Amino acid sequence: MDGIHLIICLLWACVNVCECEPAMFGEVSSPQYPQPYPENLQEQWDLEVPQGYQIQLTFNHLDIEPSPNCYYDSVSVVSDEKVLGKFCGQNSTDRFHPGVKPILAPGNRLQLVFLTDDSNHESHLGFTAFYQAVDIDECSSSSVVKDPPCSQICLNTLGSYLCACHHGYVLRPDQRTCALDCGGGVHSELEGTISSPGYPDMSPQDLDCVYSISVQPGFMITLTFSQNFHIEQVYNQGPTCLYHWLQVSALGKDHKYCGGKSPGVLDTGTHSVQLEYHTDRYGQSQGWSLHYTTRRVKCPQPDNISHGKVTPVFAQYLYRDYIHVRCNPGYKLMMGEKEIASFKSMCQSNGQWHLTLPECKIIDCGEPNLLPNGAFKFINGEHNEYLSVIEYRCNEPYYRFKDTPKVRYKCANDRKWTEDNSIDVIPPCYPVCGMNSEVSSGGRVFGGKPAKLGQIPWQLFHKTFTRGGASLISDFWALTAAHVVDGFENYTMPWLGGIINDEDKNPVTMESKKIIIHPNYHRVGVGGSSTNFDNDIALIKMSAQVPLGPNIRPVCLPNRTHELVMEGTMGTISGFGGFDGGVISKILRYGHVQEYTLDKCESGDMSVTDNMFCAGGNVERVDSCKGDSGGPLFFPMLGYGTKEQPYEVRGIVSWGPERCGSKGYYTKVQNYLDWIEETMANN
């Protein structure tokens, strides 16, 4: 306890007076200790410890001039004017020496009185002592002088005591005595002990005690009665348990007990139980005692899940236990018609699971992606379900995959159609180039043979603005001469394909979406004349995909590894141009031509570059003519192409002498492969 300091000032002098809580321990020594004490001395020390404690004193050292009955010099210990001891001497063997044995005062105060005479011949040192507070056990019989401090139960505390009562009694306001009170109150702990008032002593008479045990729902109470059970039972006056009884009420049913036989263990099956103990004004009952425990409510074992698993697995499931359901790979959790990400259910206080179990249903990957220019079919499984296998194939013989004839995909656990290497991107189908349907040899363009349907399926024809040809090189792009489309870039040019007669009533009609002329093409000047056909090449992108079939198919671009067109190499040209005196042909004609060195070809005033080569047939007068411009010169010769050596467009009909039937000039396609590929990729 904090001290209260009062400062009193008298004139110029101030005195500090401390009203402090006494210390729990301390030390006291004779004057000048450990030097010899003075003569003719009378000194007193008032020692005190807090209330509720006894003060105990122990001499650590004592050296006082010895004398009979300590007549000359002495130190006395006094409590409430009673001398507890008068001491002198030098060691513990002296008669009046206290030794080291503690001196316990009956209260919390004592005084030390030190007296010396006028001589201290041997220079004795005096004394030093230690005092401390010692707790009083107010509850022990040795401390009780008159009446016990508590009527029933006494609990010793440091410096004091507390009173308590037996079960069925309450402490009165005086905090010492107990009064009977066994009604009311609820035991809500999960475990506890209850007994009749005064048990195991006889129960008071005229009792009506009510005890309620009510724990949280989800727990069930079990009562275990001790074997020492006695409630008065009358055998010769009608029903038993008539005057004294213990009634246990649970789940709406009441059971009365009396006699000397313990009820033993009662499993109540509920979380709320009431006990009523009754005695009348006569007879005697020793009473009873019980220990109650609780156990969690049990839920039924969950059913097995088809294609799934319930975790964790317990021998039994109790209140507040959780279960989870996880489906096997390839299956999904379904609650009714709704898919759920996860499932958890708890055992409730009523012994039922708060959610019914879901189902594990097989997953599906959805409709497989369609393959442009191809199709798929199921190889294994159905309904797009897990582990179903589909096989993609391109529309042969017009399309194919680049490296494999077919590709298989499986419906995987991630709900994607995935290839064996976990790739889910379907490779595209590429048009098959350089193949035809009819194979024949011989013939000419200028005076050449008519082509059969499907024999040159990459030949395209235009006759609306200018008469000219082109070569289909994919299902969207065609290759032609720049001068054929020069000036028509902003027009929609119609192109015909899949025909061998320009009056065919069922041609494949294509419309140009973009016309891209080589940026270095030297455009024709005013009046239609030009001195330079260098870079005479252009690309046409169609507005829609060209429907490939037996009569319309692309030709291949030259392979980079193939040799350039060389002198003496034979190829085939085709077109709807002039023949036999320049008469415009209404049918598709073709013929074979041979390449020559540029010095053997007539160029007149026109410039010749390395982007050109010349070819023709001097003997048979096979040549391209007016109206054939933009058409193909392809290798090998028609009739010699195979799957191993498909037809490639090596040249584009560009220009030649005014008179047909000799040699003409062709744009060398191999020089423009990079430009062609880049243009197609960017457009």
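Counting the residues of the stretch 24-61 that are closer than 29 Å to His124 by Cβ, out of contact with any Phe, Trp or Tyr (no Cβ under 9 Å at 6 or more places or on another chain) and in a loop (DSSP other than H, G, I, E, B) gives 7.
Pick from the stretch 569-607 the residues that are of a type in the set (A, V, I, L, M) and either assigned to a strand (DSSP E or B) or modelled with pLDDT of 90 or more (or both): which of them is surrounded by the most Cβ atoms within 10 Å (Cβ to Cβ)? Of everything passing the filter in the stretch 569-607, Ile573 is surrounded by the most Cβ atoms within 10 Å (Cβ to Cβ). The set of residues from the stretch 331-370 being part of a strand (DSSP E or B), surrounded by fewer than 15 Cβ atoms within 10 Å (Cβ to Cβ) and not aliphatic (A, V, I, L, M) comprises Lys338, Glu339, Lys344. Assess whether Gly85 counts as being of a type in the set (Gly, Ala, Ser), modelled with pLDDT of 90 or more and farther than 29 Å from Leu158 by Cα. Spelling it out, it is not the case that Gly85 is of a type in the set (Gly, Ala, Ser), modelled with pLDDT of 90 or more and farther than 29 Å from Leu158 by Cα.
The set of residues from the stretch 47-91 being farther than 26 Å from Asp137 by Cβ and among the charged types (D, E, K, R) comprises Asp63, Glu65, Asp73, Lys86.
Let's see how each residue does on (1) within 19 Å of Tyr169 (Cα to Cα); (2) out of contact with any Pro (no Cβ under 6 Å at 6 or more places or on another chain):
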{"residue": "Met202", "(1), (2)": "yes, yes"}
{"residue": "Pro217", "(1), (2)": "no, yes"}
{"residue": "Met220", "(1), (2)": "no, yes"}
{"residue": "Phe225", "(1), (2)": "no, no"}
{"residue": "Val234", "(1), (2)": "no, yes"}
{"residue": "Leu251", "(1), (2)": "no, yes"}
{"residue": "Pro263", "(1), (2)": "no, yes"}
{"residue": "Tyr277", "(1), (2)": "yes, yes"}
{"residue": "Gln284", "(1), (2)": "yes, yes"}
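Can you work out which of the residues in the stretch 490-523 that are aliphatic (A, V, I, L, M) and either closer than 24 Å to Glu678 by Cβ or modelled with pLDDT under 90 (or both) is surrounded by the fewest Cβ atoms within 10 Å (Cβ to Cβ)? Step by step, filter the stretch 490-523, then rank; the result is Ile516. Taking each residue of the stretch 180-206 that is farther than 18 Å from Phe229 by Cα and looking for partners that are aromatic (Phe, Trp, Tyr) and at pLDDT below 90 with beta-carbon atoms closer than 7 Å, six or more apart or interchain, yields Leu180/Tyr169; Asp181/Tyr169.
Yes or no: the stretch 52-68 includes at least one residue that is surrounded by 16 or more Cβ atoms within 10 Å (Cβ to Cβ) and small (Gly, Ala, Ser). The answer is no; no qualifying residue exists.
Conditions tested, residue by residue: (1) at pLDDT below 95; (2) assigned by TED's automatic domain parsing to the domain that holds Ala538; (3) surrounded by fewer than 21 Cβ atoms within 10 Å (Cβ to Cβ); (4) assigned to a strand (DSSP E or B).
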| site | (1), (2), (3), (4) |
| --- | --- |
| Ser440 | yes, no, yes, no |
| Leu453 | yes, yes, yes, no |
| Thr466 | yes, yes, yes, no |
| Ala478 | no, yes, no, yes |
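Yes/no per residue for (1) surrounded by 14 or more Cβ atoms within 10 Å (Cβ to Cβ); (2) out of contact with any Cys (no Cβ under 7 Å at 6 or more places or on another chain); (3) within 23 Å of His271 (Cβ to Cβ):
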| position | (1), (2), (3) |
| --- | --- |
| Asp181 | yes, yes, no |
| His187 | yes, yes, yes |
| Glu191 | no, yes, yes |
| Ile194 | yes, yes, yes |
| Phe225 | yes, yes, yes |
| Tyr235 | no, yes, no |
| Cys241 | yes, no, no |
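When Val445, Val526, Val485 are screened for being crowded, with 22+ Cβ neighbours inside 10 Å, out of contact with any helix residue (DSSP H, G or I) (no Cβ under 9 Å at 6 or more places or on another chain), at pLDDT below 90 and under 27 Å from Cys614 (Cα atoms), only Val445 passes.
The values are calculated or read from the model by the stated rules, or taken from the named source; none is laboratory data. For clarity, every value in this text was computed on a predicted model and none was experimentally measured. Because the Cβ atoms are built from the backbone with ideal geometry, glycine has one as well, and the counts that use them run over all protein chains shown.
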